[in-house]
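Working notes, beginning with the structure itself.
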Amino acid sequence: MAKNILTEENFKKLHNVIEQYKHIQGPLMPVLNEAQVIFGAIPYEVQKTISEALNIPLAEIYGVVTFYSQFTLEPKGDYLIAVCLGTACYVKGAQKLLDQIVTRLGVKVGETSPDGRYSVEATRCIGACGLAPVLTVNNAVYGRLVEGDIQGILEKYSKTAEEVSA
């Protein structure tokens, strides 16, 4: 089950951040950045709190959150699997890799698994064209992939912390 990010403790942290920035000119971006760190996302409830506290229309906040790629409306999983669909990766089979990941994990592109472990994204060029096709899992880069590589990569991240330390 996914963890609850909308805790009283997190909202207290958010109110402290708002107090810190509300008297400066242009407080929205620093508050949103801090909210993203606190909650791991900026869902409606967080946007509404910021809107009321800073007296900024909710529609404006939503527009900013959905415009900038560093913000997300839903928390990402423990493992963010991103498959590059830039031209070099695409022509070398990246879509087949992505399709295999989606099928194996049962997680649609742009979504997070119900247990909060995996998020799957299709990205634009990540600048590793010489390694095409490429995918990343958090900060680890995997290149020159073929469909047969996917199972091993996913198995590496399917182990629990107890299994890894054993």
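Structure notes:
- Gly93 being without any contact (Cβ under 8 Å) to a residue 12 or more places away in the chain, more than 25 Å from Gly40 (Cβ to Cβ) and not charged (D, E, K, R): no
- Boolean, Thr72 is among the β-branched types (Val, Ile, Thr) and either in a loop (DSSP other than H, G, I, E, B) or at pLDDT below 95 (or both): yes
- Boolean, Asn55 is at positive phi and open to solvent by 40 Å² or more (accessible area, probe 1.4 Å): yes
- Residue identified as within 18 Å of Thr136 (Cβ to Cβ) and not in a loop (DSSP other than H, G, I, E, B) among Val83, Val17, Val46: Val83
- Any hit, region 28-37, residues being of a type in the set (Asp, Glu), in a loop (DSSP other than H, G, I, E, B) and surrounded by 12 or more Cβ atoms within 10 Å (Cβ to Cβ): no
- The condition of being under 23 Å from Leu32 (Cα atoms), modelled with pLDDT of 95 or more and surrounded by 19 or more Cβ atoms within 10 Å (Cβ to Cβ) holds for Val65.
- Filtered residues of region 131-147 (kept if in contact (Cβ under 8 Å) with a residue 24 or more places away in the chain and open to solvent by 60 Å² or more (accessible area, probe 1.4 Å)): Asn138, Val146, Glu147
- Ala82 being in contact with an Asp or Glu (Cβ under 6 Å, 6 or more places away or on another chain), open to solvent by less than 70 Å² (accessible area, probe 1.4 Å) and within 15 Å of Thr123 (Cβ to Cβ): yes
The values are calculated or read from the model by the stated rules, or taken from the named source; none is laboratory data. The structure displayed is predicted, hence computed values, not measured ones. Reconstructed Cβ throughout: ideal geometry from the backbone, glycine too, with neighbour counts over all protein chains shown. For accessibility, only protein heavy atoms count, side chains too; no ligands or nucleic acids. Shrake-Rupley method; radii C 1.70, N 1.55, O 1.52, S 1.80 Å.
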